[in-house]
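Chemist: Okay, here's the structure, questions in a sec.
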Amino acid sequence: MLVLAGLAALALSACGSGVPAQPQAAPAADQGMQGMGHSSMGGMHHGSDGVQLWAVQSGPLGVVVTNADGHVLHRFDGDSATPSATACTDACATQWPPLLVEAGEQPELLGVDADKVGVLQRPDGTRQITLAGWPLYMYAQDDGSLTTTAGQGTDGKWFAVAPDGSKAVTPA
């Protein structure tokens, strides 16, 4: 019985330190997820196994669109938005892989207007996601950290894409 009383006293003393708990700040998710950086999303795959377009805060470029792995998505000035058409094929598509989707697959969106998202058929028959008519690409050298401007301004024709489909620009 003495052992049980000792264990009960020990358990009760572990319940509190006598110091009142400090109020905690609201979790970042309560502030909305648009504008959150990839690292605040856990630095990992954001959700489902399908194609995702997420508006997130990058260090140097403000809010940009990323894929499921946190890689910044880009648009190419050599393409056309009206009508949607790609000019990046073959070797270009090796350096700038297109963001592809399977027939019937709908991308998961966060902070991106569904009315601006579309699909075009590439010359090789694959289906590429578009945003405001612009075909979307990844940059092969992008490490997914959102701390660099990887690919931004390459050849004066490649630009990270903002959630409305425009070119992302450095915040003022």
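Chemist: Please compute the length gained on full extension between GLN141 and GLN95, using 0.36 nm multiplied by the number of residues separating them and subtracting their Cα-Cα distance. Spell out each step's value before the answer.
Modeler: Working: separation 46, 0.36 × 46 = 16.56 nm, distance 0.79 nm.
Extending this stretch completely gives an extra 15.8 nm.
Chemist: Which of the peptides 118-124, 94-100, 70-76 is most tightly packed, and how do the rest follow, judged by the mean count of other Cβ atoms within 10 Å per residue? The partial results should precede the final answer.
Modeler: Working: 118-124: 14.9, 94-100: 16.7, 70-76: 24.6.
Packing proxy ranking, top to bottom: 70-76, 94-100, 118-124.
Chemist: Right, here's the next one. Report the extension gain between GLU102 and ALA172 in nm, rounded to one decimal, defined as 0.36 nm multiplied by the number of residues separating them, less their alpha carbon distance.
Modeler: On the way: separation 70, 0.36 × 70 = 25.20 nm, distance 3.81 nm.
In short, 21.4 nm is gained.
Chemist: Mind sorting ASP79, ASP115 by how few other Cβ atoms lie within 10 Å of their own Cβ, fewest first?
Modeler: Ascending number of Cβ neighbours within 10 Å: ASP115, ASP79.
Chemist: May I ask you to list the residues of the stretch 110-127 whose amide nitrogen lies under 13 Å from a point 7 Å from Cα along the Cα→beta-carbon direction of ALA81?
Modeler: 116-118, by backbone N distance to the label point.
Chemist: Under the rule of at least 5 residues apart or a separate chain, name every residue whose amide H is placed under 5 Å from the amide H of VAL117.
Modeler: For VAL117, whose amide H was placed from the backbone, the distant partners under 5 Å are ALA132.
Chemist: While we're looking at this one, here's another question. Which FRET efficiency, nearest 0.05, do ASP164 and ASP69 yield, Cβ-Cβ r, R0 30 Å?
Modeler: Working: r = 22 Å, r/R0 = 0.74.
Step by step, r from the Cβ atoms, then E = 0.85.
Chemist: Can I ask one more? Could you run the Karplus curve 6.51 cos²θ - 1.76 cosθ + 1.60 with θ = phi - 60° over the stretch 105-113 and give me ³J(HN,Hα) per residue in whole Hz, x for Gly and Pro?
Modeler: Karplus values, whole Hz, x for Gly and Pro: 7, 9, x, 7, 10, 9, x, 10, 6.
Chemist: While we're looking at this one, here's another question. Using θ = phi - 60° and the Karplus form 6.51 cos²θ - 1.76 cosθ + 1.60, what ³J(HN,Hα) does each residue of the stretch 165-172 get, whole Hz, x for Gly and Pro?
Modeler: Values, residue by residue: x, 6, 6, 6, 10, 4, x, 6 Hz.
Chemist: Give, as ranges by residue number, the residues of the stretch 120-161 whose backbone N falls under 12 Å from the point 7 Å along Cα→Cβ of ASP113.
Modeler: Once the point is set 7 Å along Cα→Cβ of ASP113, 132-133 turn out to lie under 12 Å by backbone N, inside the stretch 120-161.
FYI, it's all coordinate maths here, none of it is from the lab. Just so it is clear, the model here is predicted, and its values are computed rather than measured. For neighbour counting, all protein chains shown are included, and Cβ atoms are generated from backbone atoms with ideal geometry for every residue, glycine included.
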